1. Can you tell which of THR23, THR40 is of a type in the set (S, T, N, Q), within 12 Å of ALA119 (Cβ to Cβ) and in a helix (DSSP H, G or I)?
2. Which of the residues that make up the stretch 72-118 are under 11 Å from VAL59 (Cα atoms), hydrophobic (A, V, I, L, M, F, W, C) and not in a helix (DSSP H, G or I)?
3. Restricting to the stretch 14-36, count the residues that are at pLDDT 95 or above, within 23 Å of CYS94 (Cβ to Cβ) and polar (S, T, N, Q).
Amino acid sequence: MSEKTKKAMKIRSNEVCPNCAETILLTYAKELGLTKKQATSLGTNLGGGMKGGSVCGAVTSALLVLGALGVTDPKIVGEFQRRVKEKHGGMIDCADLLKANFKAGGQKKPHCDAMICEAIELIEEYR
């Protein structure tokens with residue numbers, strides 16, 4: 001586990017657990033020159049698939065971080081999304097990912113924690 005994923009899991013262990021998008025943005029906040037409040041505010045509406053089951057907040061926030069780090073090549077952005085889909089049966093939407101996880105007997109928080117770690121590992125690979 002990388003230092004960034006360890007940091008993210010520490011953030012997720014707080015009594016008030018931030019959503020997946022907030023967690024990723026909080027993990028990179030200092031590096032991106034964001035306050036904790038700014039990072040949380042930027043991520044709040046991305047969690048839960050933009051609060052509507054759409055694209056996973058770990059994915060959308062990771063793409064925000066990559067953009068802020070200067071990674072904007074459409075090929076890399078597309079590859080990032082393809083790699084997530086490949087690992088999850090072609091799914092990238094929060095609702096689909098959570099349904100598949102539930103059907104497999106999984107619980108929500110460990111699933112989301114894993115998605116956060118996966119997204120951070122990809123950020124670190126592409127940066």
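The values are calculated or read from the model by the stated rules, or taken from the named source; none is laboratory data. Worth saying up front: this structure is predicted, and the values here are computed from it rather than measured. We place every Cβ from the backbone using ideal geometry, glycine too, and count neighbours over all the protein chains shown.
1. Numbers: THR40 fails: within 12 Å of ALA119 (Cβ to Cβ).
None of the others qualify; the one that does is THR23.
2. Within the stretch 72-118, just ILE92 meets the criteria.
3. 3
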